[in-house]
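Engineer: Before we start, here is the structure in question, set down as structure tokens.
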Number of protein chains: 2
Amino acid sequence: MSDHQDHAQVFRAFCDENRLMILEMLRTGEKCACILLEKMNIAQPTLSHHMRILCDSGIVVPRKVGKWTYYSISAKGGDRAKDMLITLTTVDDTSEGGCCE
Amino acid sequence: MSDHQDHAQVFRAFCDENRLMILEMLRTGEKCACILLEKMNIAQPTLSHHMRILCDSGIVVPRKVGKWTYYSISAKGGDRAKDMLITLTTVDDTSEGGCCE
DNA sequence: TTATCATATTGAAAATATTCGATATGAGAG
DNA sequence: CTCTCATATCGAATATTTTCAATATGATAA
């Protein structure tokens, strides 16, 4: 997978309203899927889909306990996303140069 | 527009490979659309579409000079995105609490 | 074992996003 | 004004994402 594809995948975690709602809930601590499902107005397979995207991006990590799955925000994943965002939006002034003017 | 919709829109800037390529080019300084178009393997209306999304997200700002439009990364837009990302991925430990276990 | 509960996967429909040809707009140049 | 060039918008095709009903999986309970 190219770097750009990989980076785009990380940010996809933050591109959907429902996923932002889920992240907001996880900010107050680990939650099991059942609680997330209860508070969101979506079907169970839809939640499962969003949790997969959040976990694939590395922003959220799952913890399985018996029948339940608990989800929490990964500090490491958050830091990685933050570093990527900073890199992407910081102008590299050592190579600053004009353009067709 | 809801907060979540608004936030999702900002991160949408980073969810597409072509937009990440554009941002990478803008990291070395302001570029006019013609240069970006020349270096990307996409049609002109497609570039225009991506530039609109980048500008709407606040990450990129346009500067019109005669017939040309120059685009550059907005430090302010980048900072806003960074702050949003940090908020979204930081666990609020004052409200840490268990969940259904 | 069988029954039940929590979550994941499948498959198809609906909603969004991306793409590009055609065309419009708006700014010089002549 | 007319012509040309740079970019934006329109409209339709294609691709991707989101959604949910149905079903599968995997764990515990009886």
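What follows is calculated from the coordinates using simple rules that are stated; it is not laboratory data. None of these values were measured; they are calculated from a predicted model. A quick note on method: Cβ atoms are made from the backbone with ideal geometry, for glycine too, and the neighbour counts reach across all protein chains shown.
Engineer: When each copy gets a label point 7 Å from Cα toward the beta-carbon at B:SER48, what are the spacings between them in nm, shortest first?
Structural biologist: Copy-to-copy label distances at B:SER48, shortest first: 4.4 nm.
Engineer: Calculate the dipole size of the range B:3-81 relative to its Cα centre from +1 charges on Lys and Arg beta carbons and -1 charges on Asp and Glu beta carbons; express the result in debye to the nearest 20. Intermediate values should be presented prior to the final figure.
Structural biologist: Working: 11 positive and 9 negative charges, 68 e Å.
Magnitude of the dipole: close to 320 debye.
Engineer: Something else now. For B:LYS82, which inter-copy label distances result when the label point lies 7 Å beyond Cα on the Cα-to-Cβ vector, reported in nm to one decimal and in ascending order?
Structural biologist: Going from nearest to farthest copy, the values are 1.0 nm.
Engineer: Using just the helices of chain A, give the 222 nm mean residue ellipticity in deg cm²/dmol: DSSP H runs with n ≥ 4 each add -39,500 (n - 2.57), and the total is spread over all residues, rounded to 500. Intermediate results must be reported in sequence, preceding the final value.
Structural biologist: Numbers: 5 runs with 55 residues, N = 101.
Helix contribution divided over all residues of chain A: -16500 deg cm²/dmol.
Engineer: Tell me the distances, shortest first, between A:GLU17 and the same position across the other copies, using label points 7 Å along Cα→Cβ, in nm to one decimal.
Structural biologist: Output for A:GLU17: 3.0 nm, nearest copy listed first.
Engineer: Further question: Looking at the range A:13-101, which trypsin sites (Lys or Arg not before Pro) are DSSP coil and have at most 13 other C-beta atoms within 10 Å of their C-beta? Walk me through the numbers on the way to the answer.
Structural biologist: Working: sites: A:ARG19, A:ARG27, A:LYS31, A:LYS39, A:ARG52, A:ARG63, A:LYS64, A:LYS67, A:LYS76, A:ARG80, A:LYS82; in loops: A:ARG27, A:LYS67.
Those satisfying the criteria are A:LYS67.
Engineer: Kindly state, to the nearest 0.05, the FRET efficiency for B:THR90 paired with A:GLU17, given R0 = 22 Å and r defined as their beta-carbon distance.
Structural biologist: Working: r = 20 Å, r/R0 = 0.90.
My answer for the efficiency is 0.65.
Engineer: For the protein assembly as shown, with only Lys/Arg (+1) and Asp/Glu (-1) charged at the beta-carbon, what is the dipole magnitude about the Cα centre, in debye rounded to 20?
Structural biologist: Working: 24 positive and 28 negative charges, 78 e Å.
With Lys and Arg at +1 and Asp and Glu at -1, about 380 debye.
Engineer: Using the Cβ atoms and a cut-off under 15 Å, what net charge is assigned to the surroundings of A:ASP6, where Lys and Arg are +1 and Asp and Glu are -1? Display every interim value, and only then the final one.
Structural biologist: Values: positive: A:ARG12, A:ARG80, B:ARG19; negative: A:ASP3, A:ASP56, A:ASP83, B:ASP16, B:GLU17, B:GLU24.
Neighbourhood net charge equals -3.
Engineer: In debye, nearest 20: dipole of the range A:9-54 around its Cα centre with unit charges on the Cβ of K, R (+) and D, E (-)?
Structural biologist: On the way: 6 positive and 5 negative charges, 21 e Å.
Here the range A:9-54 has a charge dipole of around 100 debye.
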